[in-house]
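Step one of this worksheet: look at the structure below.
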Amino acid sequence: MSIVLALVALAATVLVPAAPAGAHPFGDPQTVAIAADTARPAVVHVRWKVGGADDLTLLGVALGLLPQDRVMLDGAVFFQDADAATIGPSGAFTAYLLKQITVDSGGRACAGTVTPSSDLARTGVTIDYTCPGPVGTVAVAVRTLTDLNPAYRTMASGPGGARAVYTADQPAHDWVLGDAPPPAGADLGRSAAVQIAAVLGGVLLVAVGALALFRRFGRRRRVAG
């Protein structure tokens, strides 16, 4: 079993490109959750949560809120609990979120308000977007962290179990929050799941093939002996 795990790890290393120093986009992905406000039909809630605490530190350095020496020359990042406390209430962080996460309803921008978080690293932060009128389908764009490295991904969830994956190449997605027909491409989450499954399947095939070769060479050695 240990051999299989080692082969899977080796295959994953081959299939996944190395990240440049100073960014860690291949760890736990950041997430967003999109929801309507049942009491206020013109309001959309977006909760953003960073994937890894080191990514939060990297963002703090990029925004000038943390010293550059928090990122080592080899790319190692050292997160401290005080980082979240420094980043969370800052105006620079608020401005960054409102610039990188946007909501449009009917082609018109919705105004965002960031609610301060008491535990930014663990629970994330909520942004309330007030639209010009009651929302049905909204376009939500998420570009957080992809300005640090385009390899970052965002796993998104919405009403009714809807799912989507945001990338640097696909930063926007339509979400049905009210009485509106599903938008074109509403099965993006399913497509993303299929793509992820395909990648994992490829890793498994490589591992199985390598294990088969290992066993064949082992049998040849025993026969030769």
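The values are calculated or read from the model by the stated rules, or taken from the named source; none is laboratory data. Predicted model only: the values in this text are computed from it and were never measured. Cβ: placed from backbone, ideal geometry, glycine included. Neighbour counts: every protein chain shown. Only protein heavy atoms, including side chains, enter the accessible area calculation; ligands, DNA and RNA are left aside. Shrake-Rupley method; radii C 1.70, N 1.55, O 1.52, S 1.80 Å.
Surface calculation, 1.4 Å probe, protein heavy atoms: F26 sits at approximately 100 Å² accessible. Measuring only protein heavy atoms, the 1.4 Å probe finds T38 accessible over about 150 Å². Measuring r between the beta carbons of F78 and S118 and using R0 = 22 Å, the FRET efficiency lands at 0.45. The D28 and R108 beta-carbon pair, evaluated with R₀ = 30 Å, returns a calculated FRET efficiency of approximately 0.30. Using all pairs of distinct alpha-carbon atoms, the Kirkwood hydrodynamic radius of the stretch 22-121 works out to 14.9 angstrom. The largest accessible area among D69, D128, D83 belongs to the first residue in D69, D128, D83, and the rest follow in falling order (1.4 Å probe, all chains).
Taking all protein chains together and rolling a 1.4 Å probe, T113 ends up with roughly 90 Å² accessible.
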